[in-house]
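Written below as C-alpha cells is the structure these notes are about.
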Amino acid sequence: MEGLTLLDYGALAWFAACWVGFTLYADYSRWREKSVTAVVESHRIQWMRNMVGREMRMIDAIIQANLLSGVGFFASTSLLLVGGLLTILGATDRAVAILGDLPFTVDVSRSAWELKVLLLVVIFIYAFFKFAWAHRLIIYCSILVGAAPLDTNVDDAAEQFARKAAGLHTLAGRHFNTGVRSYFFALAGLAWFLHPLVFMTVTAWVTYVLYRREFRSKSYQILAQPSP
C-alpha cells in the first residue's frame, strides 16, 4: 500500500503476533490455570453453589445488575469510539497535516493514515461484539438465577444446576476479558501514528502489562489464597 514501508509491515506483523500469541498463552495453554481468570472461574462456581443454597437471592440479583451495567458501558463506549473514528476518516487531509507538524513522527500518506484508523475501527468493532455477547450471556445467567430450585438443600441436581449457571457466567467473563484486552491493544495501535518502532515498543509493553496483571499481579496472589 502507498505510504507503508517494510518497517510498517513488520510492526503490524509484530502487533498481530503479540496479540494472538498472548491470547493463546493466556486462554488456551496449560499455564492458563495459573491466571487470574482461572482463579475467578473457581470463585464463580462457589458463588453459584451459594446461590442455590440461599433462600433470599436478592444479593445475587444485585451483583448481576452491577455486572450488566459494567459490560453495557463498555459495549456502548465501543460504538461511540467506532463512530468517532469513522468521523476522523472524513477529515483525513486535516489530520495528516496536523500529524505532520508534530515532532518525532514520520511522514504519512492519506492511504496509510486511513489504514491506521481502520485498524482501530476493526479492533473496537471486535470489542463491541465481545462485550455485546458477554452482556447477553449475563442476562441468560440472570434468568438461571431466577429459575434456580427453591429447595435450598444442595443435592446433586442443585449442584448440577449451579455448575451450569457458573459455566454460562464463566463464558461471559471470557468474552468480557477478550473485549477489555482489545482496548489495551487498541492503545498500542495508537502508537502507529507516531512511528512503527514506537508501535512495536508500545505493543511489547502492553503485552507485558497484560501478562503481569494476568499471571504475576497481587490480585492473583490474593485470589489464589485458599479459603478458610
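The values are calculated or read from the model by the stated rules, or taken from the named source; none is laboratory data. It should be emphasised that the depicted structure is a prediction, and the values quoted were computed from it without experimental measurement. Ideal geometry is used to build each Cβ from the backbone, glycine not excepted, and the neighbour counts take in all protein chains shown.
Laid out as a table, the results:
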{"quantity": "Residues that are of a type in the set (Lys, Arg) and at pLDDT below 90, drawn from the stretch 108-134", "calculated": "Arg110, Lys116"}
{"quantity": "Any hit, the stretch 191-200, residues being buried (at least 19 other Cβ atoms within 10 Å of the Cβ) and β-branched (Val, Ile, Thr)", "calculated": "no"}
{"quantity": "Residue that is surrounded by 12 or more Cβ atoms within 10 Å (Cβ to Cβ) and modelled with pLDDT of 90 or more, where the choices are Leu89, Leu67, Leu85", "calculated": "Leu67"}
{"quantity": "Scope the stretch 130-164; condition out of contact with any helix residue (DSSP H, G or I) (no Cβ under 8 Å at 6 or more places or on another chain) and among the hydrophobic types (A, V, I, L, M, F, W, C); matching residues", "calculated": "Ile143, Ala147, Leu150, Ala157"}
{"quantity": "Counted residues, the stretch 137-192 - those being within 30 Å of Ala112 (Cα to Cα) and of a type in the set (Ser, Thr, Tyr)", "calculated": "3"}
{"quantity": "Within the stretch 115-228, helices (runs of 4 or more DSSP H) holding 3 or more residues that are touching a residue at least 60 places away in the same chain (Cβ under 8 Å) and closer than 20 Å to Ser29 by Cα", "calculated": "156-190, 196-215"}
{"quantity": "Identity of the residue in the stretch 1-28, surrounded by fewer than 16 Cβ atoms within 10 Å (Cβ to Cβ) and of a type in the set (A, V, I, L, M), that ends up farthest from Leu197 (Cα to Cα)", "calculated": "Leu24"}
{"quantity": "Condition check for Trp31: under 20 Å from the mean Cα position of the chain (by Cα), at pLDDT 90 or above and either small (Gly, Ala, Ser) or buried (at least 17 other Cβ atoms within 10 Å of the Cβ) (or both)", "calculated": "no"}
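Yes or no, residue by residue, for (1) touching a residue at least 24 places away in the same chain (Cβ under 8 Å); (2) surrounded by 15 or more Cβ atoms within 10 Å (Cβ to Cβ); (3) charged (D, E, K, R); (4) part of a helix (DSSP H, G or I):
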residue	(1), (2), (3), (4)
Ala38	no, yes, no, yes
Glu41	yes, yes, yes, yes
Arg54	yes, no, yes, no
Asp60	yes, yes, yes, yes
